[in-house]
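Read the structure below first, then the notes.
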Amino acid sequence: MREILPEAAPGKDLEECTSPELMQMIVIRHMERVIHEHDLAPNFVSDGCSLQEWIYGSVRIKYGINPNESISLKPGESVAKTAELAYFEKIMLELGKIFKRHVKKSFDLFVHLPNELPLTKDGHRPVNELFRSASDDLLKKTFDELAIPYHIVGGTIEQRADKVSQIIGRKPVMSISDAMGLAQQKYGQMLM
């Protein structure tokens with residue numbers, strides 16, 4: 001969302017965004033995904049799907065619009081539901097219906113990479129470990145609800161990449177270490 005943030009909420013960090021600003025970014029991300037999926041159909045591999053946007057908003061209901069403020073919560077606890085969060089929850093429930101229908105029609109397989117790596121402290125992630133765990137749990141529950149096959153792949157980045165290429169039956173076009181180097185380079189440029 002950090003790519004969308006400057007236009008959607010100029011001058012704000014993600015943790016400063018209001019629920020309407022978050023909804024705008026969630027819908028924009030969904031639209032961008034749908035366009036790219038359509039352009040690449042019928043065969044594409046995607047790093048994520050619209051469920052992630054819906055889950056991101058849905059879990060913010062449990063941990064607050066700014067999850068960094070609820071970092072002291074214990075597992076199973078949630079923030080008090082304000083009028084803003086109650087309204088946001090209704091919107092997210094309805095968006096979830098749309099996003100789930102889209103994903104069910106568009107995807108035939110998922111590979112889930114569980115949170116085994118530490119959170120990057122780059123100032124762009126208003127989430128914490130409880131937020132990440134709740135997001136993972138909701139994602140797996142939604143895969144089951146939609147009856148879309150999925151694999152859970154853990155390990156190092158190299159092990160994950162190798163296993164994913166085996167699952168989808170694709171041979172890498174470059175070495176994993178070269179691909180990681182390019183990704184780090186691009187990521188570094190994004191942060192500038």
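What follows is calculated from the coordinates using simple rules that are stated; it is not laboratory data. What you see is a predicted model; the values in this text were computed from it and never measured. Positions of Cβ are generated from backbone atoms using ideal geometry, with glycine treated the same way; all protein chains shown enter the neighbour counts.
Just so you know, the Rg over Rh for segment 1-152 is 0.95, from Cα atoms, with Rh as the Kirkwood radius. Rounded to the nearest 20 debye, the dipole size of segment 1-105 about its Cα centre is 580 debye, using +1 on the Cβ of Lys and Arg and -1 on the Cβ of Asp and Glu. Straight-line cross-link reach from residue 140 at under 23 Å between alpha-carbon atoms covers these lysines, not counting any fewer than eight positions away in the same chain: 62, 74, 90, 97, 100, 104, 105, 163.
Below 8 Å between Cα atoms, with a sequence gap of 6+, how large is the relative contact order for segment 5-152 in percent?
Values: 132 pairs, mean separation 41.0, N = 148.
Value for segment 5-152: 28 percent.
The angle between the Cα long axis of helix 157-168 and the longest principal axis of the Cα atoms of the chain comes to about 70 degrees, rounded to the nearest 10.
The magnitude of the dipole of the chain, with charges of +1 and -1 set on the Cβ of Lys/Arg and Asp/Glu and taken from the Cα centre, is near 440 debye. Between residue 173 and residue 137, the contour length at 0.36 nm per residue exceeds the Cα-Cα span by 9.7 nm.
Once the Cα atoms are used to define both axes, helix 176-190 deviates from the longest principal axis of the chain by about 40 degrees.
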